[in-house]
Amino acid sequence: MSLFEAKNVSKQYGSQLALDNVSISVPEQCIYGLLGPNGAGKTTFIRIINQITGPDKGELFLDGRKLMPSDVQLIGYLPEERGLYKKMKVGEQALYFAQLKGLSKAEAMRRLKYWFKKLDIIDWWGKKVEELSKGMQQKVQFVTTVLHEPKLLIFDEPFTGFDPLNTNIIKNEILFLRERGATIIFSTHNMESVEELCDNITLINKAKTILEGGVNEIRSKWAANEYDLVFDGNVEIEGNSHYNILKKQNENNKSIFRLKTSSSISTNDILQNLMRSGNIISFNPALPSMNEIFIRVIETQN
Amino acid sequence: MNKISVIIKREYVTRVRKKSFIIMTILAPLLMAGIIIIPTLLMTNQSGEFKKIAVVEDNSDLFKGVIKNTKDAEFVYLENTKVDDLKKTFEKSGFYGILYISPELVNTPNAVYLISSKQPPIGLLTYIENSLKKEIERQKLLAYKIENLDDIMKNVETNVTVQTKKLDESGVEKGTSTGIAMALAYILGFLMYMLVFIFGAQVMRGVIEEKTSRVVEVIISSVKPVQLMMGKIIGIALVGLTQFMIWIFLTIGIVGFLKTTILSKSGATEITQSMPQNLMAGNQQTATGTTQAAEISPQIAEFSKMFDNAMNQPWGLIIICFIFYFVTGYLLYASVFAAIGSAVDNETETQQFMLPVTIPIILGLMVAMGTMQNPESSLSFWCSIIPLTSPIVMMARLPFGVPYWQIIISMVIMLLTFASFVWMAAKVYRTGILMYGKKTSWKEMWKWLRYSG
């Protein structure tokens, strides 16, 4: 069952169409990637989910019923442009945001202590935000986003500004939150993290959905008859009418090839042919990276 | 509602805790009191040192003993002394100055000179002028050979002060003072102007701060934009009211303190002689010089009456109106300021929008100043009805008495205008805070007004 659903959402600003009939369905406890080039309409869409702006057309559902103003308590939002009051103290500020999400002061305090200790920022409680490094501020903001234990979390580029170590910490926290039952919508340009984290994606370009589905299905679908072939030892093969060799590489006394086969022939036939050349260790369909798919899809559309 | 109160609390607490707020709150009444008191003190204590002044004439003794000694100046009449001789030895003589009275003085009013190495204080000059004037008038009268002239003179000497009384509806007379009404009008009008402007601008800065630091997006994912805007406006209004209340109490405290100290000390001739007289402009009783003791009590009475007259102002009405006009006027302007703040990316861009907002406020202040001269003028009347200027002008009119129907009309119009302004501002604000990197115009804002959700 899907936790969040958007049906045929459209939004217009003046003469500019920001979203054209976009629908997504986010299954419970899923990490859902919302991808697209700059200016595609992602931010508008995220703002609509957060009820910051209303859609001109379309409907939104949370947990099977229509999204209501009071549902802001069930949603946590980490915007791409991070914002904190610079002159305010870290602890006070976190407390303020928690209270705006409807937590009582005592409860907010208890949870904040827990998270601040967990992310090792408790020493910064009494400092002003402007004294903090950017990464520190990001951590504070991350805490304020997840503190009220929302069912639906929306992260817009959550890893920018973090060093690899902290990126890993935040990544693990996101996975931990998912385990505890949260559903996550995740918007990013970092395709590696999409492959690593996302179960499903929707790709938006020029206000429209142009690709959606499970990450693995999409990658297989776009695989397009490419295979990775590994021989034991030093082996030479040449392309023929059945396959082309895209890449060739020798490593640790292994020969690695990327083949593109013609669709008219079965892989068994090719394998039989190749077995004569040497000892095959592995033969796998080569999945294109999300990065390649992203670029190819957008470029063909443009 | 609960969330608005969280926002209000933050806006209030962060501002009230600022050092600048605390300093301003305490310093402003002291400064105000200082502005009133320091000139008075300066006039009172202008003497500082005791002055010995040599009085010389050319070959006559017409003005011998005419200028009486005062508590801080002694007039030494030197017979058969030439001014020029005196000038030569002036530095060693120990005199503060030489008053040279030429014999032509009776016919040429400026034939008298005070020669001194310093600039003599104005009080001293006035005293000398008055003494000489009296004497010359006396001598001229003498020429008419009227019998018992001195007795007649004593008999006719009078001091006139116009006492104003105001008839209220029940026909009861109340003592009033135009001077106090004017001062009050000035203070109230100006205070309103400052509060609307200072705190309205604070709202604008607050909105810009939230927009540029991008905090706003996080907050309006939790609360509605209108809630954030109103929370901010109300929070800052409470800061303003807090400051205003503290000012009132401090001012009452200072005035009360002054009243008791001045009146309690008045038994000692020192202060009564100078303070009340300086306060009551145009009262030149000092000129007689000799009659200090006799005139103390009427002066205390006068001084005391001034306070009573001040107390006779319709304070209840003034305070109620002030709070009403402050709240509505402030909300009106603050919501416009909030809308402007939401439409721009930084403070420098606010300039083009500020002017049309500033004009009615400045106009209001100018009319308020005119109101002090002529509270019944039709300009004052209309400006106290028109909502953009009424908070300032009506406050300036109140001390002179305003019919209730006018106040009610003005208030109703104010309420309607303020409600529609807040409504419009909220619409502009809602769109504006999410717009970045776009130069906004009035036309653009007008478009936002009509955007849905």
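The table for this structure:
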{"quantity": "Violating pairs (Cα-Cα greater than 23 angstrom) within the set B:Lys52/B:Lys87; A:Lys57/A:Lys208; B:Lys71/B:Lys140; B:Lys18/B:Lys439; A:Lys101/B:Lys439; A:Lys171/A:Lys254", "calculated": "B:Lys71/B:Lys140; B:Lys18/B:Lys439; A:Lys101/B:Lys439; A:Lys171/A:Lys254"}
{"quantity": "Spin-label model distance (nm) - B:Val13 vs B:Thr81, 7 Å beyond Cα toward Cβ", "calculated": "7.5 nm"}
{"quantity": "Against the rule of thumb 2.2 N^0.38 Å, how large the Cα Rg of region B:97-137 comes out", "calculated": "1.15"}
{"quantity": "Evaluated at q = 0.18 Å⁻¹: base-10 log I(q)/I(0), Debye formula over Cα of region A:27-138", "calculated": "-1.11"}
{"quantity": "Stretchable slack from B:Lys145 to B:Ile359, in nm (0.36 nm times residue separation minus alpha-carbon distance)", "calculated": "70.4 nm"}
{"quantity": "Positive-end extreme of charge dipole, the protein assembly as shown - chosen from A:Ala40, A:Phe294, B:Val156 (charges on Cβ)", "calculated": "A:Phe294"}
{"quantity": "Peptide B:10-17, shielding by other chains (average Cβ, 10 Å cutoff)", "calculated": "2"}
{"quantity": "Karplus 3J(HN,Hα) series, Hz, for region B:377-385 with 6.51 cos²θ - 1.76 cosθ + 1.60 (x for Gly, Pro)", "calculated": "5, 6, 4, 4, 4, 5, 5, 8, 9"}
{"quantity": "Convex hull volume per residue in cubic angstrom - Cα atoms of the protein assembly as shown", "calculated": "275 Å³"}
{"quantity": "Heavy-atom accessible area order for B:Glu74, B:Glu217, B:Glu137, largest first, 1.4 Å probe", "calculated": "B:Glu137, B:Glu74, B:Glu217"}
{"quantity": "Accessible-area value, B:Met366, 1.4 Å probe, nucleic acids and ligands omitted, Å²", "calculated": "130 Å²"}
{"quantity": "FRET efficiency for A:Ser70 and B:Leu415, using Cβ-Cβ distance with R0 set to 45 Å, rounded to 0.05", "calculated": "0.90"}
{"quantity": "Number of partner chain Cβ atoms within 10 Å, mean per residue of A:70-82", "calculated": "3"}
{"quantity": "Theoretical gain in end-to-end length, A:Leu246 to A:Glu217 [0.36 nm per residue, Cα-Cα removed]", "calculated": "8.1 nm"}
{"quantity": "Approximate spin-label separation A:Lys7-B:Leu114, in nm, with each point projected 7 Å along Cα-to-Cβ", "calculated": "9.6 nm"}
{"quantity": "Accessible surface of the protein assembly as shown [probe 1.4 Å, protein heavy atoms]: carbon and sulfur percent", "calculated": "58 percent"}
{"quantity": "Chains B and A together, accessible area buried on both sides, 1.4 angstrom probe, square angstrom", "calculated": "2400 Å²"}
{"quantity": "Residue list for region A:251-291, given a label point 7 angstrom along the Cα-to-Cβ vector of A:His189 and an amide N cut-off under 18 Å", "calculated": "A:290-291"}
{"quantity": "Ranked order, B:Tyr404, A:Tyr227 - accessible area, probe 1.4 Å, largest first", "calculated": "B:Tyr404, A:Tyr227"}
{"quantity": "Ratio Rg/Rh, restricted to chain A and using Cα atoms, in which Rh is the Kirkwood radius", "calculated": "1.08"}
{"quantity": "Shielding by other protein chains, A:46-52, mean Cβ within 10 Å", "calculated": "4"}
{"quantity": "Listed residues B:Val428, B:Val160 arranged by accessible area, highest first, probe 1.4 Å", "calculated": "B:Val160, B:Val428"}
{"quantity": "Helix-only [θ]222 nm of the protein assembly as shown, DSSP H runs n ≥ 4, -39500 (n - 2.57) each, per residue, nearest 500", "calculated": "-17000 deg cm²/dmol"}
{"quantity": "Solvent exposure of the protein assembly as shown as accessible area per residue, Å², 1.4 Å probe", "calculated": "50 Å²"}
{"quantity": "Separation of the B:Ser5 and B:Ser93 label points, Cα + 7 Å toward Cβ, nm", "calculated": "8.0 nm"}
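The values are calculated or read from the model by the stated rules, or taken from the named source; none is laboratory data. Quick caveat: nothing in here was measured; it's all calculated off a predicted structure. For neighbour counting, all protein chains shown are included, and Cβ atoms are generated from backbone atoms with ideal geometry for every residue, glycine included. For the accessible areas, the whole protein counts, side chains as well, though only heavy atoms, and no ligand, DNA or RNA atoms are used. Shrake-Rupley method; radii C 1.70, N 1.55, O 1.52, S 1.80 Å.
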